[in-house]
Amino acid sequence: MQGLLAWVPLLPLIGFLLLVAIPLFYSKEPSEKFVTAIGVGSVGISALLTAIVATTVFWQNPGEVVNIALWQWMLVDNLELGFNFHVDWLTLVMLMIITGVGFLIHLYSAGYMREDPDFRRYFAYLNLFVCAMLILVMADNLVLLYLGWEGVGLCSYLLIGFWYKNPANGAAAQKAFIVTRIGDTAMAIGLFLLFFEFSTLNIPQLISAADSSGANSQIITVATLLLLGGAVGKSAQLPLQTWLPDAMAGPTPVSALIHAATMVTAGVYLIARMHPLYMLSETAMTAVAVVGALTLLLAGFSAIAQSDIKRVLAYSTISQIGYMFLALGVGAWSGAIFHLMTHAFFKALLFLSAGSVILSLHHEQNIFTMGGLYRRIPFTFICFAIGCACLAALPFTSGFYSKDQILLRAWEFHDGFNSLWLAGILGALVTGIYSFRVLFLVFAGSEGSSSSHCKDANNTVMRVPLAILATLALFGGMLAPPLQSVFGTQTWEHPAAWVEGVAIAMPLIGLVIAWGLSRQQQKTGEKRSPIMQFWFSGWGFDWLYENLLAKPFRNLARLNHKDIIDSIYKGTAAFSQQLNSLLSSSQNGQIRWYLATFAAGSILFLALLVAL
Amino acid sequence: MPFETAPGLEAGVLLASILFCLGLAGLMMRRNIIFMLMCVEICTNAAALMFVVAGAHWGNADGQVMFVFVVTLAAAEVAIALALVLQFYHRKHTVDIDQLNELRG
Amino acid sequence: MNFVFYLTAAIAIISTIMVIFHKNAVHALLYLVTSLLAVAVIFYQFGAPLAAALEVIIYAGAIMVLIIFVIMMLNQGDSTVVQEQAWLQPTTWVGPAILSALLLVQLILLVSSGQISSTQTFHYIGPKQVGIALFSHYVLAVELASMLLLAGLVGAFHLARRRKIDQGDSNNAI
Amino acid sequence: MTLLAIIIILFAGGIIAWLSERYLQKGGRWISLVSLLLAALLLVNYWSYLGTPQSVSGGPWWDSLQAAWIPRFGISFHLAVDGLSFLMLTLTIAMGIFGLVMTWNDINFRRGFFYFNFLWTLAGVVGVFTAIDLFLFFFFWEVMLIPMLFLIAVWGYEKRIYAAIKFFIFTQASSLLMLIAIVGLAYIHYRNSGQLTFNYNELLGAELTANAAYWLMLGFFIAFIVKLPALPFHTWLPDAHTQAPTAGSILLAAILLKTGAYGLLRFNLPLFPESSMAFAPVAMTIGAISVIYGAMLAFAQRDMKRLVAYSSVSHMGFVLLGLYALDTIAVQGAVMQMIAHGLSTAALFALVGALQHRLHTRDMQQLGGVWAILPKLSAVALFFAIASLGLPGLGNFVAEFTVLVGSFRSNHWITALAAIGLIGAALYALLMMQRVFFGKLRNQFESPSESGDTADLSLRESCALLSLALLLVVIGLRPQPIFNISEPTVTQAIAEIKAVAPDQNLLSSQSQRQEILISTGDKSP
């Protein structure tokens, strides 16, 4: 039964290979149905297998850890890496999210991408993504994790730039890959450091080595901070968050799968996976928490100012992952993973319903041209509203349960002044504002310019996933995963009632503010005040990086595109050529000139004789 | 037997030098190959004069022996050179030495 | 007797100057012959009668005749004078003249700086002595000279021969 | 005998291919293919050695052949093969076949002479990888240059003469240095032992003064890094690569560059252990700077082939870094990088060649949106581009990762610097994808009516490229066999160095640790 787990990542890989290999055997493009069968089917079976293993193996025994050794990857000197999987409850939660939500999004994609000429390529990429993501979460050593880590980055790149004919998409894809690669490089250096210190990169071994030996705490601090660098890059946290809003150039289901539900949460997974190491270093923990708190606020405010429906959701994703980082930083490991899970449900729901909106409006994404859509696409409206409620963490939705856990834990985390909790609470208010603002702007109020030609584009393949996700988003709060086996039992006393009260009240206040804001904005249109403009631009990070890093680098590259070192050799060559032409011009073939030089030479010679 | 009528070694050397320099000057300034050949003759002649004067001064027959060789050389050289001039004129229809510059670098 | 020497020396110099500046080749050649004859006289004065004789016979005689022949064979006509006029502009001859003058000055300086014995005794060396030296000590050189002459003969014959020269093959005809 | 047979087959095949041109118009390529396949078949002889790990005590050589050549000077015709050589030989023959198949129809004039040069280059390289006599090594080193020179100068692109001369001057000047070093080494050994020999195994024991060893080492080092190439001797490479015909570029990138790395590992490190150790930080710095500088220049290029060429500089920087980390993992990684880079870059050059063959330009300003007309080619190019940027799961990642892990143990900061090259690799590889394959299709390529040229990859090309891709995946997922094959040679070379200063290395790593502690300060309690 446990062996089935190995098939979970393998099936999407087979799907990918089949889809890629089709042109080798078959000259015509296969039908969409065939592609759907392979692409969606492979992930579906994976989801089924995961469910079977979860119920048969893990449900009975929460402490179960399954190790699957496939083959030895590398064995050089004392570097020993296996292609081995390590599945515990943490992994299982991720597996269920990836395969389950992934399957739903695949299904939805089959509807969303219908009649796209590159249908096959799309599903090939998507399957490869699922495979890489599964390897990421199942890896039992950090290098295999890194394999998945980079693999999902690649798929993200390919899918953001899926509609390659528009250069803007390509630029966004490139940006996404390179910004995350910066984090990945930090992470790679972290791996080197860990290997240098512990001589192993196997996660369980690392953890036991770090726990048992009086390991050097400075090295652990540096290493965990470097790993945090990787996590920050992949999860679009400060200061590497700038790629995610641009990544919305990809097809909307892609944004749902990669840039909301799964890949961007890989950083959270990484830190949760390595939590024993983080616990050894207070500095690293604080760093994680501060990064999370800052990001959730910054991204939240940016989300308020956006006008593109997908960018709002992108910033909200950054903000919500900020919550997860905050949770990690204060040691609420299971809270972070719980929020990761609920977030996967409701954010996937939000993106998919946003996709429906966009498709219904013929690829219009500006929320200021929408409005009053609840009459035209009621089903989408309901789904989107549920998503927004969860996102804002209205009571009794799934988002509420998970976020509440984080806030309470942050409250406990006194550092003299409850700044982390305050950030979280303020973030909750902001979340309420931006989520309902977009809901009201899109679905409520008067009809905008593009609302008139709205045509419900949902078909059954799209409705079913939406419905399931809506249910999950609403009731996912009941499904708190039993992660005690991984993180240990964490208990904390319940704080004062008013703390709970504030946490409940904030989204509601946000809702009210959002109503006012959306009313006002629907009148004023897209004009923005300076502060809004600043938030709209993502706090100027793009500008900063463009001018601080990208431009100088490009200019340097352009200046040096002829290779300055080559000029040394070219100079030498030019010098000898000059010398040559000088000498050869003296050899002009004129006998009388030779004679004159001969005479002059004699004169010189005799002059020497006379002088001496 | 001493020969009393001689005007002195310096005078002879001086004359040889003047003749040689004149020949060299002519060689450099003329473009006509025939004239250049004549100037070459002047130069060789000056050199020969030098031999003879020196030989006479030291009372040695070697000076005149060398003179004989110089004359031989001059004869051979002129013969070859004139043949070349003929060939050159035949090809280029000119005696301008400046036209002969195909060996330039 | 010094007077005779200076006179002949002056003749030699003047006629040589005429050679290098004259426009007409035949006239120049006559001046050259004059110069050579003057040098022959000087040879005689320095006690070298054989040299004087050879100078007259071979140089002034045979070699000059050879040149005359060639001038005749080229047969350039009167245009040569004009051409020479054009070629012999002051700009052409000033440079060489300066160079040669410089050289001359240096030679004079060198000659005058050397210590020459005051005994201006010159020795008469007759043809007999020369002949003995030539065919005893220098016999190898004589053989070489004969070979040189032979080579000169063959070479001159080969080079001067007029052949049919095709246009395309003119470069490697020599 | 097998080694000699391989070399003879290649030499003879070249001559026959040349002579046969008169009778068989296009026979040269078949003859080349047959001789390469024969050579490959001969290599299979060594199959039995693959499984069994060789004991270091019995010497690492699998097979050797020795015959007196110029006995008076102690020069013998001495070939031998061990794991490292075997890997390189396999790579050589495989890339030879690949280059041949990829450019099956590309050569339009002087075909016989082309295949002659092609095979002779390969024969020279085979000789270089197997020669154990230093003089013989030098001989083959020169043999591989001249045919390569002709390949560039005769069948190259627009500025081929310039590139060929530059290539020749650089490599010739460097091999002169090597010759001096070889003769110097043999002479010093002769003075010390009274025995004049160029035999590698005997020269290993040569006693050198520290000073002499340092200078000799430097001579070898420069000769090899010119070939590698590393900064600041890399500038011949972009020109040579860009102007060479596709087959020539493949040979250059896949094989000829490896001779430099091979030389460093085979000769430089074992012959001069102390001075190599003293020199290691400098060499590692050169490697790290090459990585970054190459990546930056690759990013700045407009010409697609130049981009790939500079990426080679970047990749070979990893090799240099790994070799001079003097760490088993890093050196193994360097060997792996030699192979992986050979495969990926050869494929990229082949792709650029195929693209130029179809669209008649390799200027990236003029290309764009090629995916729309050549989807198969573009997909394959995507694969190799991401291989070249070091995506895990493919061969290049295994190589770069092991190099970096290993070098990190011997020097933290230089390795961290080199790791930045990973970002650089992403920059240029994606830039190439974006400029050439994605984006809007240029008008001039839109109408395929021009000719049948714009056909997608043919079956022959697809097979060649896909087999390379498959190899990269296999290496990326299961690199262990290759590590096993090269292990005895690598461990011996490292042991040689470790034996010289057993505690120095320990000391340095200890001090590194100290350094880290100081730099991190007292951040954590």
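Out of the GluC sites (Glu not before Pro) in segment D:193-298, which ones are loop residues according to DSSP with at most 14 other C-beta atoms within 10 Å?
Loop-located and lightly packed - D:Glu207.
State the Cα centre-to-centre distance between segment C:17-72 and segment B:46-105 in whole Å.
So the separation of the two Cα centres works out to 13 Å.
Give me the number: length gained by fully extending A:Met478 to A:Ala496, i.e. 0.36 nm times residue separation minus the C-alpha to C-alpha distance, one decimal in nm.
The A:Met478-A:Ala496 span can extend by a further 4.1 nm.
What distance in nm lies between label points placed 7 Å from Cα along the C-beta direction at A:Leu579 and D:Glu496?
3.8 nm
Would you tally the net charge around D:Leu3, using a Cβ to Cβ cut-off of less than 14 Å, leaving D:Leu3 out, and scoring K and R as +1, D and E as -1?
Neighbour charge sum, excluding D:Leu3 itself: -3.
Taking the simple approach of a point 7 Å from Cα along Cα-to-Cβ for both D:Tyr49 and C:Phe3, what is their distance in nm?
Result: 10.8 nm between the two label points.
When Cβ neighbours within 10 Å are restricted to other protein chains, what is their mean count per residue of peptide C:46-57?
Taking all residues of C:46-57 together, the mean is 6.
So how do A:Ser281, D:Ser193, A:Ser602, D:Ser48 line up by other beta-carbon neighbours within 10 Å, fewest first?
D:Ser48, D:Ser193, A:Ser602, A:Ser281
Take the Cα of D:Asn105, step 7 Å along the line toward its Cβ, and report every residue of segment D:453-475 whose backbone nitrogen sits under 20 Å from that point.
Backbone N within reach: D:453-467.
Which of C:Leu102, D:Leu427, A:Ser109 sits farthest toward the positive end of the charge dipole of the protein assembly as shown, with +1 on the Cβ of Lys and Arg and -1 on the Cβ of Asp and Glu?
A:Ser109
Against the longest alpha carbon principal axis of chain C, how many degrees, from 0 to 90 and to the nearest 10, is the axis of helix C:139-160 turned?
So the inclination is approximately 20 degrees.
Among D:Ile373, D:Ile161, what is the fewest-to-most ranking by other Cβ atoms within 10 Å?
Sorted ascending by nearby Cβ count, the order is D:Ile161, D:Ile373.
Quick one: Cα convex hull volume of segment A:427-503, Å³ per residue?
That works out to 167 Å³ per residue.
Inside 10 Å of the C-beta atoms of C:29-36, what's the mean count of C-beta atoms belonging to other chains?
Taking all residues of C:29-36 together, the mean is 3.
Taking 0.36 nm per residue of sequence separation and subtracting the Cα-Cα distance, how much length would be gained by fully extending the chain between D:Ala278 and D:Arg478, in nm to one decimal?
68.5 nm
Do any trypsin sites (Lys or Arg not before Pro) in segment A:324-401 lie in a DSSP loop with no more than 13 other beta carbon atoms within 10 Å, and if so, which?
A:Arg375
Could you pull out every one of the lysines with an alpha carbon less than 24 Å from that of A:Lys570, ignoring same-chain neighbours closer than 8 positions?
Reachable lysines: A:Lys562, D:Lys159, D:Lys166, D:Lys227, D:Lys305.
Across peptide A:189-198, how many C-beta atoms of other chains are within 10 Å of each residue C-beta, on average?
What the average comes to for A:189-198 is 5.
Enter the per residue convex hull volume of segment C:1-87, computed from alpha-carbon coordinates, in Å³ rounded to the nearest integer.
About 71 Å³ per residue, rounded to a whole number.
Normalise the Cα radius of gyration of the protein assembly as shown by 2.2 N^0.38 Å (N = residues in it) and let me know the number.
Cα Rg divided by the expected 2.2 N^0.38 Å: 1.30.
Work out the charge dipole of segment D:105-207 with +1 on the Cβ of Lys and Arg and -1 on the Cβ of Asp and Glu about the Cα centre, then indicate which of D:Phe150, D:Leu177, D:Leu204 is farthest towards its positive end.
Comparing the listed Cα positions along the dipole, D:Phe150 ranks first.
Mean residue ellipticity at 222 nm from the helices of chain D, using -39,500 (n - 2.57) per DSSP H segment of n ≥ 4 over the full residue count, to the nearest 500 deg cm²/dmol?
Dividing the helical sum by the residues of chain D leaves -24000 deg cm²/dmol.
Give, as ranges by residue number, the residues of segment C:71-105 whose backbone N falls under 20 Å from the point 7 Å along Cα→Cβ of B:Asp98.
C:79-100
Determine the alpha carbon to alpha carbon distance for each of A:Lys234/A:Lys403; A:Lys551/D:Lys440; A:Lys310/A:Lys523; A:Lys28/A:Lys310 and list only those over 32 Å.
Pairs exceeding 32 Å: A:Lys28/A:Lys310.
Quick one: Cα convex hull volume of chain D, Å³ per residue?
Dividing the Cα hull volume of chain D by its residue count gives 149 Å³.
Going by amide H atoms built from the backbone, whose H comes under 5 Å of the H on D:Asp63, apart from near neighbours?
D:Val81
If the cut-off is a Cα-Cα distance under 20 Å, which aspartates and glutamates reach A:Lys175, setting aside same-chain residues fewer than 8 apart in sequence?
Correct list for A:Lys175: A:Glu150, A:Asp184, A:Asp246, A:Asp308, A:Asp542, A:Glu546.
Counting other C-beta atoms within 10 Å, and keeping those with at most 10, which DSSP coil chymotrypsin sites (Phe, Trp or Tyr not before Pro) do you find in segment A:405-485?
In loop regions of segment A:405-485 (DSSP not H, G, I, E or B), the sparsely surrounded chymotrypsin sites (Phe, Trp or Tyr not before Pro) are A:Phe417.
Taking a 20 Å limit on the Cα-Cα distance, which of the listed pairs D:Lys258/D:Lys376; A:Lys165/A:Lys455; A:Lys165/D:Lys376 fall beyond it?
Correct reply: D:Lys258/D:Lys376; A:Lys165/A:Lys455.
Taking a ≥ b ≥ c as the square roots of the Cα gyration tensor eigenvalues, with a/c under 1.5 meaning rounded and otherwise prolate when a/b beats b/c, else oblate, which class fits chain B?
prolate
Using the Kirkwood radius over Cα pairs, work out the Stokes-Einstein diffusion coefficient for chain A at 20 °C and 1.002 mPa s, in µm²/s as a whole number.
The calculation lands on 82 µm²/s.
Please list 3J(HN,Hα) in residue order for segment D:258-272, calculated via the Karplus relation 6.51 cos²θ - 1.76 cosθ + 1.60 where θ = phi - 60°; whole Hz, with x for glycine and proline.
5, 4, x, 5, 4, x, 4, 6, 6, 10, 5, 5, x, 6, 10
Please sort A:447-457, D:396-406 by packing, taking for each peptide the average over its residues of neighbouring beta carbons within 10 angstrom, highest first.
Ranking, from highest mean packing down: D:396-406, A:447-457.
Cα gyration tensor of segment A:455-612, axes a ≥ b ≥ c as square roots of the eigenvalues: rounded (a/c below 1.5), prolate (a/b > b/c) or oblate?
Prolate, since a/c reaches 1.5 and a/b exceeds b/c.
Would you mind putting D:335-341, A:89-95, B:98-104 in packing order, based on average other-beta-carbon counts within 10 Å, highest first?
Result, highest mean Cβ count within 10 Å first: D:335-341, A:89-95, B:98-104.
Answer with one residue from D:Phe233, D:Ile386, D:Val500: the one whose Cα lies farthest towards the positive end of the charge dipole of the protein assembly as shown, charges on Cβ with Lys, Arg +1 and Asp, Glu -1.
D:Ile386
Quick note: the coordinates plus some simple rules give every number you see, no bench work behind them. This one's a predicted model, so the numbers in the text were calculated from it and none came from an experiment. Here Cβ is always computed from backbone atoms with ideal geometry, including for glycine, and neighbour counts include all displayed protein chains.
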